[in-house]
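Derivation of every value follows stated rules applied to the coordinates shown; laboratory data play no part. Quantities reported herein were computed from a predicted structural model and do not represent experimental measurements. Please note: Cβ atoms are built from the backbone with ideal geometry, for glycine as well, and neighbour counts cover all protein chains shown.
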Amino acid sequence: MSMDKIKTIIFDLDGTLVNTINVTIPAFENVIKDLKEKNMIEYLPDKKEIMKYIGYPIDQIFTNLYDSNDKKLIEESVRLLDHYEEIIIENNDNIFFDGVIEVLDYLSKKGYKMMVLSNCNTTYLNSILKKGIEIYIDEPYCSEMFDWKDKEEVMKKVIDLNKKEEYVMVGDRKHDIKAAKDNGIKSIGCDYGYGQHEINSADIIIKDIKELIDIF
């Protein structure tokens, strides 16, 4: 599929640019351990179960993991997650998939506008940007900025709906592909991420982010 008309590339974060195994998973494990010690939860989700929900809005992740809508529990979980993620990101220089900086630098020099659209919160978004990609991302957005609306609703607010042919969404989960299709833009599914079985309907599927250099 031709990408000749594309002028703006929209990236997801976790599973697309960020190797979540190095950041979010240990943070989640610390959160769950803390809550268990406080007797706030009984069931301890393992890494495999956590991975199933990476890329979902944060409150939905904890709701699914705990099978609970307890507002106090969810809020405390999010607070702890922010705390641990910030520490891990600050002290870890290996948070991106191999080739991410190279690809972003290439696309920037080619003149593409780049956006980030993630289901994360602003604390996480800003921490990630400061690790070396801030200079490449023209417009960073996250769900928290839009009162935790679904990704397709957020996308509708941040793109020019009269120029849909100029955008492409790059992501690894069903939320990314659905957001693109619902808004009439092209999509690239990242098979190296965490939702391989969810991206079959993407216009293009890549197994390595460095493939974007050949596409663009």
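Taking 18 Å as the straight-line reach from the Cα of Lys5, the lysines in range (excluding those fewer than 8 positions away in the same chain) are Lys109, Lys110, Lys113, Lys163, Lys164, Lys181, Lys186.
Asn91 to Asp208: extension gain in nm, 0.36 nm per residue of separation minus the Cα-Cα distance?
39.6 nm
For the options Thr123, Thr24, Thr16, a Gaussian network treatment of the chain with springs between C-alpha atoms closer than 10 Å singles out Thr123 as fluctuating the most. Cα centroid separation, segment 117-157 to segment 35-110: 14 Å. Considering only beta bridges that DSSP places wholly inside the chain, some 5 percent are antiparallel. Rg/Rh, computed from the Cα trace of the chain with Rh as the Kirkwood radius, has the value 0.97.
Among the lysines of segment 21-90, pairs at least eight places apart or on separate chains and with Cα atoms under 19 Å apart come to 11.
Neighbours of Asp208 by Cβ distance under 13 Å: Lys/Arg scored +1, Asp/Glu scored -1, total -4. Pair-distance distribution P(r) for segment 21-90, from all Cα-Cα distances in 10 Å bins starting at 0: 21, 62, 17, 0 percent.
For Phe11, the amide hydrogen comes within under 5 Å of the amide hydrogens of Met115, Val116, Leu117, Val170, counting only partners 5 or more places away or on other chains and with H modelled in the peptide plane.
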